[in-house]
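What follows is a set of notes on a single structure, which appears directly below.
Read the figures in this text as sums done on the coordinates, not as results from a lab. None of these values were measured; they are calculated from a predicted model. Counting neighbours? That spans all protein chains shown, and the Cβs are built from the backbone with ideal geometry, glycine included.
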Amino acid sequence: MSGDWIKMRVDLQDDPAVVSISVQLGLEESHVVGLLHRAWGWADKHTTDGVARGISVEWLDKYVGHPGFSAAMMDVEWLNFADRGRMEREAPGLQFLKFEKHNGESAKKRARNTARVQLSRSAKSATRARLEKSRKEKTTTNNTPRISATFADEL
């Protein structure tokens, strides 16, 4: 519901949780990262709070294309069974843990703000560098001795 991108760390494949899932499922870490991207992308698109009512571990395993993936996510505390909702009629499902930290509109807003601040700092730094260069050029140009026309005629 929050857009068409999700936030992922560049060093995710080195995370001990990813390594643990990799060992448990007999997959390469990069493959696990791909499966996580698929699962977290689905959760971001179809939930607002990381709680997927009515979704089972079997369905999630089928969706990502690997049996046992949900259980492995649970083992590293990235997924859990959702409690029944306030209304007894709500179906239990799955909860993507720490969802609000990396997903949803507020996380994306924080990520955009961080990128904006970094860009602004970079632009300010570049502007400062241009000003410094301009000042040096002026200083160098103004200190250069000039030969007067009369002196030049005498040479």
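For this structure, a couple of remarks:
- In the distance distribution for segment 12-98, Cα-Cα pairs more than 22 Å apart total 22 percent.
- Relative contact order %, segment 12-98, counting alpha carbon pairs below 8 Å whose residues are six or more apart: 28 percent
- Charge dipole of segment 16-68 about the Cα centre (unit charges at C-beta), most positive-ward option of H46, V18, G34: H46
- Label-to-label distance, L12 versus E77, with points set 7 angstrom from Cα along the beta-carbon direction: 2.0 nm.
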